[in-house]
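The structure appears below as structure tokens.
The values are calculated or read from the model by the stated rules, or taken from the named source; none is laboratory data. Treat the numbers as computed from the prediction; the structure is a model and nothing was measured. Neighbour counts are summed over all protein chains in view; Cβ atoms, including those assigned to glycine, are modelled from backbone coordinates with ideal geometry. Accessible surface areas use protein heavy atoms only, side chains included; no ligands, DNA or RNA. Shrake-Rupley method; radii C 1.70, N 1.55, O 1.52, S 1.80 Å.
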Amino acid sequence: MVYVPVRSDNAYLGFGKQVSQGTAVAPTVFPRWLDGTSFEMDLKAEDLWEGDGTRRLAQVIKNHQKVKFKHVCTPRMNEMAMFEQAAMGSGSDTVTPATVNTTLSSSSSIGATSISVAANTGLTGSGTIALILSAGTVREEIALFTIPATGAGPYTVNVNAGYNGGQLKLAHNSADTVQAFTLHTLTDQSDGSYYTIEIGLGSLFSGPGMTIRVRDCKCAVLKVTGKPGMEIQYESEWEGIACATQGSPATVTLEAHPVFLYQMGTWTVDGSSVSNDAVSVEAFTIERKNNLDVVQTEKLIADASIFGNLNCDVSFDTVFTAGTRFFNTYFGGPTGTADAQPIFAGSFVVAFANPDNFEQVTYTVQTAHYTKVGGIEPKKDGKHFKQVIAATGVSNSGANTYVMQTAIQNSTTTAF
Amino acid sequence: MANDPLSGLVPARYVGDNLLQLQPGRYYNADGTLRTSNIVSKGDVLMMPEQEIIGQTILFDPRGYNNPLYLGAGHRVLPEHQGLDQRSLALLGYEHHLGRSDFELVTASQPAIAEPVQEAPAPVEQAPEQPTVEQQAEQPETVEKVDEVA
């Protein structure tokens, strides 16, 4: 018998934010998945042993069925905001509009050293500003400009010498948009938005596999990790309610922007960006768990799911140079000498800024209560001591308006 | 025609904010010609699967015993259920899926090619061993979006 196997990278996951519960949408965001991405039909069943005079199992009954996804990726700036919104919750995105939002008054050619714009709003200060030209088109280019703009309208803005020697790389058309970044500030909210997730397994390129669309998915866990020399990675876990097979796979569309790298990061630990710990972070993880509560009533599948209590855990490894953090965590202060009651409270902020000065993401755990400083272990391998630090994000007894905040600068002008 | 590559496709304009990159494959412009670039700019019109643009309707068995019935692209209701409000339709098992939010249907004329043969939509098989919902004796009517009865 002849059969055709399917290569295991013939797969995609697509996400679409639903307008309302129960109404699935076609996916629009297809983050490039990495190994570790998985899909599971979580079927709960029970054995039915009935007293029929035999020792035989009568049957197995399904109690509940739902879908679990795990998605691993290195998200681009707009995909990242989607994941953050899903994890933070409905209404979590506060948009600060771009300070510059105008158009080109005339076309510009490759190698142009300046552009002509219709309005100078946001271009009257001094210094430099990163602008995205012709956003969303094949001519899209993020370049650095020197301000203030000159002229009486239209206005001239010069390309900064720090960008490509002061010359544009691409040509741009008259009336193309000229915009600064849009800032999305996301904080944890009461409940999450529903998403539709579609997975194709072996169905792309006319493959014989399957495409399954799952509605009413919520983000259960979002983990952000970084290691030296690597991309910033997102690992999300989702739970969905109801499935429908699709006759054909979706049209997969990919975001055409760069990823964030670990070496783009700047750390501020406990308010300092210059302390030994802040300048020696060897790895970090920020994990948020929404502890979903899935509600099942009369049907095999759930009716709804809601966010439960929020857990926000931070862990980071630093180079051990002094006992200060250890004393702070266990002995009550930087020079403590014995077990002490008070919890050591600090904060954890890390910002990743793309060298284009446009794309940036900043993670802020405003109050972190340190619960562990470990890993300071003697070893005979000739390597350095390290500290493995664990902290929990808290509301500081309600004083803070959020446990965690993510601020993303990207090119999407509307709220996620 | 069975091999018509444009069968089931409709012209759709990209209205999102950001540049998109299509996964490698064959894509068509609104005039039916093959696209030479996988980059999609804001304003580009390309041929996309109809159900991705205008959504689709599936009628499920709420108790999960019978196979669901795929009613087709768009917002559809069987003749016997016309006039019911959204809540009633949902209780019957209707699931209306919306299309992509970053593309909009273009109502320009279709490319000048032979019209494909319209086939009745096949039921979506969810549990092959289960008895099927009665087969479609007629095409379900497409109605305007049903407003919820106050």
Of all trypsin sites (Lys or Arg not before Pro) in the stretch A:282-312, the ones in DSSP coil with at most 16 other Cβ atoms within 10 Å are A:Lys299
Per residue, accessible area of the protein assembly as shown with a 1.4 Å probe, heavy atoms of protein chains only, in Å², comes to 48
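How much of the accessible area of the protein assembly as shown, probe 1.4 Å, is carbon plus sulfur, in whole percent? Before the final figure, lay out the partial values.
Values: 13910 of 27040 Å².
Carbon with sulfur: 51 percent of the solvent-accessible area.
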Here the Kirkwood hydrodynamic radius of the stretch B:1-70, Cα-based and in Å, equals 14.2
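In the structure shown, do any of A:Lys66/A:Lys227; A:Lys68/A:Lys383; A:Lys17/A:Lys223 have a Cα-Cα gap over 29 Å, and if so which?
Numbers: A:Lys66/A:Lys227 33 Å; A:Lys68/A:Lys383 40 Å; A:Lys17/A:Lys223 20 Å.
Violating the 29 Å Cα-Cα cut-off are A:Lys66/A:Lys227; A:Lys68/A:Lys383.
How long are the semi-axes of the equivalent ellipsoid of the stretch A:308-416, defined as square roots of 5 times the Cα gyration tensor eigenvalues? Whole Å, largest first. Can you show the working numbers first?
Values: eigenvalues 193, 85, 24 Å².
So the three semi-axes of the stretch A:308-416 are 31, 21, 11 Å.
If you take the beta carbon distance between B:Asn38 and A:Ser397 as r and set R0 to 51 Å, what does 1/(1 + (r/R0)^6) give as a FRET efficiency, to the nearest 0.05?
On the way: r = 53 Å, r/R0 = 1.04.
It comes to 0.45.
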Burial-style ranking of B:91-97, A:107-113, average other-beta-carbon count within 10 Å with highest first, yields B:91-97, A:107-113
Gyration tensor (Cα only) of the stretch A:248-344 to equivalent ellipsoid, semi-axes in Å sorted down, yields 40, 26, 8
GluC sites (Glu not before Pro) in the stretch A:18-60 lying in a DSSP loop, each with at most 16 other Cβ atoms within 10 Å of its Cβ, come to A:Glu50
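At a probe of 1.4 Å, how much accessible area disappears from chains B and A on forming the pair, both sides counted, to the nearest 100 Å²?
On the way: alone 9900 and 19960 Å², together 27040 Å².
Separately minus together, B and A give about 2800 Å² buried.
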For chain A, averaging the sequence separation of alpha carbon pairs under 8 Å that lie six or more residues apart and dividing by its residue count, the contact order in percent is 17
A correct Kirkwood calculation over the Cα atoms of the protein assembly as shown returns a hydrodynamic radius in Å of 26.8
Under the helix-only model (-39500 (n - 2.57) for each DSSP H run of 4 or more, divided by the residues of the protein assembly as shown), the mean residue ellipticity at 222 nm, to 500 deg cm²/dmol, is -1500 deg cm²/dmol
